[in-house]
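Working notes for the structure below.
The values are calculated or read from the model by the stated rules, or taken from the named source; none is laboratory data. Please read these numbers as outputs of a predicted model, since none were measured by experiment. Counting neighbours? That spans all protein chains shown, and the Cβs are built from the backbone with ideal geometry, glycine included. Calculation scope for accessible area: heavy atoms of the full protein, side chains included, ligands and nucleic acids excluded. Shrake-Rupley method; radii C 1.70, N 1.55, O 1.52, S 1.80 Å.
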Amino acid sequence: MTPEDDGIRCMQMRGGSSKGAYFCAEDLPADPAERDDLLLRIMGSPDPRQIDGLGGGHPLTSKVGVVAPSPDAEADVDYLFLQVVPDRAIVTDAQTCGNLLAGVGPFAIERGLVPVAGDVTTVRIRAVNPTVNLVEAQVRTTGGRVRYQGDAVMAGTPFPAAPIHLTFPGSPRPVFPTGRLIDDLAGIPASCVDAGMPVVIVRAADLDIEGTEEPTDLENRDPLRAVIEAVRLEAGRAMGLGDVREATIPKITIVSPPRDGGTVTTRTFIPHRVHAAIGVLGAVSVAAAVRTPDTVATPDVPVDRLVRIEHPTGTFDVAVDLDVDGPATQLRRSSVVRTARKISDGLVWPRSGKAGI
Ligand code: NQM
């Protein structure tokens with residue numbers, strides 16, 4: 001039996017505002033190098049269009065979730081997130097993904113890893129990538145099966161679906177990893193924050209832009225991209241992430257005043273393409289900086305625990321509880337509502353040969 005001849009079990013799902021391929025860990029090679037090579041060949045990388053695989057030619061549609069029963073008594077399943085870079089032979093586990101996470105609860109129930117428990121089934125997920133730990137997902141399971149249909153509307157996807165509530169626990173780690181609320185990075189004032197996703201926040205005004213530009217417009221501005229990358233590389237070192245030239249973290253979020261009744265307007269580089277919305281944990285990190293006084297994201301007016309983040313395709317509400325203490329601020333808990341949908345379930349065939357890693 002080889003994957004090239006017989007295929008591999010795979011479910012495609014939209015998770016939040018991302019889309020990816022979900023696998024049971026037992027269906028993939030245990031060796032990470034072999035696994036990553038196989039995933040590149042399944043997703044169609046390296047190729048900007050990923051024409052020969054499942055990937056959609058954008059980081060938001062080139063994602064993989066690997067799920068297994070958890071050895072941790074406090075979790076039902078382990079979730080490993082892998083970002084498959086579309087145009088490079090890179091698969092990275094350096095970050096998690098809160099959007100793909102929305103599909104993990106439904107997937108675990110569909111694969112029989114967690115039994116249905118009434119109209120709503122709680123799935124306790126241990127996210128094993130470096131940045132988050134235990135997460136609770138509440139999945140609608142009326143009539144004994146996962147229900148995807150519903151009327152929860154989520155910006156970043158045009159169609160309503162059943163809500164999935166995700167609750168993230170707090171962490172004793174300070175939310176500001178550089179020990180400062182504002183750093184000077186490549187001459188730009190920036191707040192480096194990590195409440196689940198490492199993010200560098202800069203003000204649109206400090207980059208001489210409005211902060212409301214379309215993602216493709218921002219992606220096409222080479223001088224702006226060069227400044228942003230210079231800030232990001234310095235931030236990587238300041239945040240203890242080392243040389244981040246080849247890494248997908250930290251992300252860069254550009255903030256400006258709200259335009260649509262929200263708390264703040266954002267545009268997020270992830271880190272080279274611009275997000276059509278904003279990542280889940282990226283949003284939690286931005287919300288933590290918004291709620292802490294004296295960061296570059298602190299609004300002029302008082303903010304409550306529900307932060308409404310404006311992004312290119314709508315708004316994203318994040319409830320965040322903090323122990324605010326300047327640079328020593330800690331996250332107590334955060335929660336968001338997402339949706340997910342099963343798109344296909346079956347076998348996928350990788351292209352043959354080696355992917356080049
Ligand atoms: O921040 C994109 C996404 C993400 C990540 C990215 C995410 C998160 O929207 O938790 O969800 O920032 O690369 O899927």
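Things to note:
- A simple count of charges around GLU210, restricted to other residues whose Cβ falls under 15 Å of its Cβ and scoring Lys, Arg +1 and Asp, Glu -1, yields -3.
- Solvent-accessible area per residue for the chain (1.4 angstrom probe, square angstrom): 41
- Viscosity 0.692 mPa s, temperature 37 °C, Stokes-Einstein D of the range 99-237 from Kirkwood C-alpha radius, µm²/s: 181
- Beta-bridge orientation, the chain: approximately 80 percent antiparallel, per DSSP, counting only bridges with both partners inside.
- Cα centroid separation, the range 114-172 to the range 40-113 (Å): 16
- Additional length obtainable on full extension of the chain from ALA89 to ASP31, 0.36 nm per residue less Cα span: 19.2 nm
- Label-point separation, ARG145 to THR216 (7 Å along Cα→Cβ), nm: 3.9
- Alpha-carbon spread of the range 1-117, three principal axes, descending order, Å: 42, 35, 23
- Hz values of 3J(HN,Hα) by residue in the range 247-256 - Karplus curve (6.51, -1.76, 1.60), Gly and Pro given as x: 9, 8, 10, x, 7, 10, 10, 9, 10, 8
- The stretch between ALA152 and HIS272, if pulled fully straight at 0.36 nm per residue, gains 40.2 nm over its current Cα-Cα span.
- Treating r as the C-beta distance of ARG305 and ALA226 and R0 as 45 Å, the FRET efficiency rounds to 0.75.
- Sorting the segments 118-129, 214-225, 33-44, 147-158 by their residues' average number of neighbouring beta-carbon atoms within 10 angstrom, most packed first, yields 33-44, 118-129, 147-158, 214-225.
- On the principal axes of its alpha carbon atoms, the chain extends 59, 46, 35 Å, with the longest extent given first.
- The relative contact order of the range 139-292, computed from alpha carbon pairs under 8 Å that lie at least 6 residues apart in sequence, is 21 percent.
- Lysine pair count for the chain (Cα-Cα distance under 23 Å; residues 8 or more apart in sequence or on different chains): 6.
- Net lengthening on full extension, TRP349/ASP208 (0.36 nm per residue, minus Cα-Cα): 46.0 nm
- Remark: spin-label model distance ARG180-MET1 equals 5.6 nm, labels positioned 7 Å along the Cα→Cβ axis.
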